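Just below is one structure, and these are the notes that go with it.
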Amino acid sequence: MIEITPNLNKNHKDPLYIQLYEYIKKEIETGRIPPGTRLPSIRKLSSYLRVSRNTVDTAYQQMMAEGYIESRPRSGLFVTELDDDFPVSQHKEYTSFDEYREYGPTAMEYTYDFRHGSIDQDSFPTTLWRRLTNQVCNGKDIYSYGERQGEIELRIELAKYLYQSRGVSCSPEQMIIGGGIQQLLGLLCLMIGLDGQSVAVENPGYDGAREIFAHYGFQVEPIEVNKNGLCLPQLYQSDCRLAYVTPSHQFPLGYTMPISKRMKLLQWAEKVNGFIIEDDYDSEFRYKGKPIPALKGIDSFDRVVYLGTFSKSLLPSIRISYMVLPEALLKKYKRFFYMYEQAVSKIHQLTLLLFMQQGHWQKHIHKMRKIYEKKHEVLRKAIKQHMGENVNVVGEDSGLHIIIEVKREETEESLIAAAKNVGVKVYSASKFWVNQKQNKNPQLLLGFGGLSEEEIDCGIQSLSNAWF
Ligand SMILES: Cc1ncc(COP(=O)(O)O)c(C=O)c1O
């Protein structure tokens, strides 16, 4: 009899027949029980394993139903012959997920992680959020699907907020809630349609957006960015009718597009009968002067698709973003995409709604602006004090990150490696350029939202020791 010796456990959460079935299946899949092998009879195996005949019979039945074994008349049960070129899956036990983790704790290796996208952990109102989530869960609304475009009350609150804080006048009907800006861009790509379209993107720009356009079959046309934003002559030279921009805080360089250029950009869209996608990802945090109204706020031609997110202003893990559509695209959405179910949890949407309706959102933004402003100031001072003339700071008046240009004849990789040696994690800015251009001077991106003021100062000091 072939050897079948599973470690069956009566106290295991799975019944014995499942444990036996899983064991034999794995033995077959990994080739340890080869095709054509005759399996022991039910009687023999049950007495060998000291389990009931019923247990073995049920396990065999399940394997027969899935085609792993077959019954040959008057001969018994045999392992089915599989195609030779059918790949045999090698089962791998994962004891640690760390090597696969992209986000999450890096505390083991790094003392200071200047990760872009991290937020201030101590300021999130966890107790309040839990209470509001409980309130939602105690209600009746959670037992049904949500509205496809996103909860209407939340869209009403968002439309009010956009008008007050970003100068965007829109109806909740024009708004679609989605699980992140990339997901909304994917939907937008479907709405705009392919037709051999090209999309103009800022260079450097948000690589996460570029990838989406490319995956949806768009030709991606990099357009240079200067201190005023996108280079318009290049845009006019391209055959694009669609442009993706971050006018209030250019990602990653941090520039703000002046009003004159915004007007010209809108005129371009009208002229080519196209659309502008405005990604307003972190405009809540501006530290000098007044907040700059969104491009959508002056969009008299109705050519701008506005995108906003709660990832920087509230919590990246909540995965709630929103998109305001121009009339022409709203029609397409209603006609062709309305059957798409909403992907963002209704529970989180309703919790956010209570958070906004009860006035906590305004207070939170106000509080976070002060906290990040302070951190931003500490960062700038630390750079000046510890690095002085050795670096240039690029785009520094808003958001949760800055770029430093290091005046050294070194690659970004070598600076990153030197930083790692002193326990500091910094990020290359090259990946934001199409074709991963190496800058004349190495440029590194420093996100400061997730570090305390003290950590920011110590981190910069360590970097300076490592580099200069
Ligand atoms: C320019 C830009 N837009 C959007 C996002 C992500 O937004 P969301 O979390 O809503 O997908 C990021 C994240 O870093 C970003 O840099």
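The values are calculated or read from the model by the stated rules, or taken from the named source; none is laboratory data. Model, not experiment: these values are computed from the prediction. All Cβ positions, even for glycine, are placed from backbone atoms using ideal geometry, and neighbour counts span all protein chains on display. Side chains are part of the model used for accessible areas, which takes the heavy atoms of the whole protein and leaves out ligands, DNA and RNA. Shrake-Rupley method; radii C 1.70, N 1.55, O 1.52, S 1.80 Å.
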- [ ] Using amide H atoms built 1.01 Å from N in the peptide plane, name the residues 5+ places from Phe275, or on other chains, whose amide H lies under 5 Å from its own.
- [x] Leu242, Ala243
TODO: Whenever you get a sec, compute what percent of the accessible area on the chain sits on carbon and sulfur atoms (1.4 Å probe).
DONE: 49
- [ ] With a 10 Å radius around each residue's Cβ, average the other Cβ atoms per peptide and rank 317-326, 340-349, highest first.
- [x] 317-326, 340-349
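Give, rounded to the nearest 20 debye, the magnitude of the charge dipole that segment 136-272 has about its Cα centre when Lys and Arg contribute +1 at Cβ and Asp and Glu contribute -1 at Cβ.
Working: 12 positive and 14 negative charges, 89 e Å.
That gives a dipole near 420 debye.
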Task: Two-site FRET efficiency, Ser198 against Ile142, from Cβ-Cβ distance with R₀ of 56 Å, rounded to 0.05 - done: 0.80
TODO: May I ask for the equivalent-ellipsoid semi-axes of segment 126-359, computed as the square root of five times each C-alpha gyration tensor eigenvalue and listed largest first in whole Å?
DONE: 31, 20, 15
Task: Dipole of segment 126-359 [Lys/Arg +1, Asp/Glu -1 at C-beta], most positive-end residue of Leu265, Met323, Leu350 - done: Leu350
Task: Per-residue SASA entry for Glu389, accessible area with 1.4 Å probe, Å² rounded to 10 - done: 150
Task: Average projection area in nm² (convex hull over Cα atoms of the chain, one quarter of hull surface) - done: 29.8
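Can you tell me what share of the DSSP beta bridges in the chain is antiparallel? A percent to the nearest 5 is fine. Walk me through the intermediate numbers first.
Details: 27 of 46 bridges.
Counting DSSP beta bridges with both partners in the chain, the antiparallel share is about 60 percent.
State whether segment 218-273 is rounded, prolate or oblate according to the following rule on the C-alpha gyration tensor (a ≥ b ≥ c being the square roots of its eigenvalues): a/c under 1.5 gives rounded; otherwise a/b larger than b/c gives prolate, and the remaining case gives oblate.
Values: a/c = 1.93, a/b = 1.30, b/c = 1.48.
Here segment 218-273 falls in the oblate category.
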Open item on the list: With a 1.4 Å probe and all protein chains kept in place, how much accessible area does Thr411 have, in Å² rounded to the nearest 10?
Closed with: 70
- [ ] Note down the nm distance, to one decimal, between modelled labels 7 Å out along Cα→Cβ at Ala214 and at Asn441.
- [x] 2.9
Open item on the list: Quick check: residue separation of Ser171 and Val393 times 0.36 nm, minus the Cα distance between them. What number comes out in nm?
Closed with: 76.0 nm
TODO: Could you compute the FRET efficiency for Phe78 and Asn7, with r as their C-beta to C-beta distance and R0 at 35 Å, rounded to 0.05?
DONE: 0.90
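What's the Cα-based Rg to Rh of segment 157-220, Rh via Kirkwood?
Radius of gyration over Kirkwood radius for segment 157-220 works out to 1.05.
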Task: Inter-site label distance for Gln237 and Asp207 at 7 Å from Cα along Cβ, in nm - done: 2.6
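Identify the GluC sites (Glu not before Pro) of segment 135-170 meeting these criteria: DSSP loop state and at most 13 other C-beta atoms within 10 Å of the C-beta.
On the way: sites: Glu147, Glu151, Glu153, Glu157; in loops: Glu147, Glu151.
Counting only loop positions with at most 13 other Cβ atoms within 10 Å, none of the GluC sites (Glu not before Pro) in segment 135-170 qualifies.
What FRET efficiency do you get for Tyr48 and Gln182 if R0 is 60 Å and r is their Cβ-Cβ distance, rounded to the nearest 0.05? Walk me through the numbers on the way to the answer.
Details: r = 55 Å, r/R0 = 0.91.
So the FRET efficiency works out to roughly 0.65.
May I ask you to compute the full-extension gain from Glu109 to Asn134, defined as 0.36 nm times their residue separation minus their alpha-carbon distance, rounded to one decimal in nm? Walk me through the intermediate numbers first.
Details: separation 25, 0.36 × 25 = 9.00 nm, distance 3.69 nm.
Gain in length upon complete extension: 5.3 nm.
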Open item on the list: Treating only the Cβ of Lys, Arg, Asp and Glu as charged (+1, +1, -1, -1), what charge dipole size does the chain show about its Cα centre? Round to the nearest 20 debye.
Closed with: 1060
Task: Antiparallel DSSP beta bridges within segment 126-359, percent to nearest 5 - done: 35
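Order His215, His364 by their accessible area, 1.4 angstrom probe, all chains in place, largest first. If you can, show how the numbers build up before the last one.
Numbers: His215 135, His364 10 Å².
The ranking, largest first, comes out as His215, His364.
For the cross-link pairs Lys264/Lys431; Lys290/Lys425; Lys407/Lys431, which exceed 25 Å when the distance is taken from alpha carbon to alpha carbon? Intermediate values should be presented prior to the final figure.
On the way: Lys264/Lys431 29 Å; Lys290/Lys425 32 Å; Lys407/Lys431 19 Å.
From Lys264/Lys431; Lys290/Lys425; Lys407/Lys431, over 25 Å: Lys264/Lys431; Lys290/Lys425.
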Open item on the list: From the helices alone, meaning DSSP H stretches of at least four residues, give me the mean residue ellipticity at 222 nm for the chain, per-run term -39500 (n - 2.57), in deg cm²/dmol to the nearest 500.
Closed with: -11500 deg cm²/dmol
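Looking at segment 125-176, which chymotrypsin sites (Phe, Trp or Tyr not before Pro) are DSSP coil and have at most 15 other C-beta atoms within 10 Å of their C-beta?
Values: sites: Trp129, Tyr143, Tyr145, Tyr161, Tyr163; in loops: Tyr145.
For chymotrypsin sites (Phe, Trp or Tyr not before Pro) across segment 125-176 that sit outside H, G, I, E and B with at most 15 neighbouring Cβ atoms in 10 Å, the list reads Tyr145.
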Open item on the list: From the mean inverse distance of alpha carbon pairs (Kirkwood) and the Cα radius of gyration, derive Rg over Rh for segment 268-334.
Closed with: 1.03
Task: Contact order relative to length of the chain, as percent, for alpha carbon pairs under 8 angstrom and 6 or more apart - done: 18
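At 0.36 nm per residue, minus the direct Cα-Cα distance, what do Lys288 and Lys26 gain on full extension? Give it in nm, one decimal, please. Before the final figure, lay out the partial values.
Values: separation 262, 0.36 × 262 = 94.32 nm, distance 6.24 nm.
That works out to 88.1 nm of additional length.
For the pairs Lys375/Lys420; Lys296/Lys375; Lys160/Lys363, flag any whose C-alpha to C-alpha distance is greater than 19 Å.
Long pairs (Cα-Cα over 19 Å): Lys375/Lys420; Lys296/Lys375.
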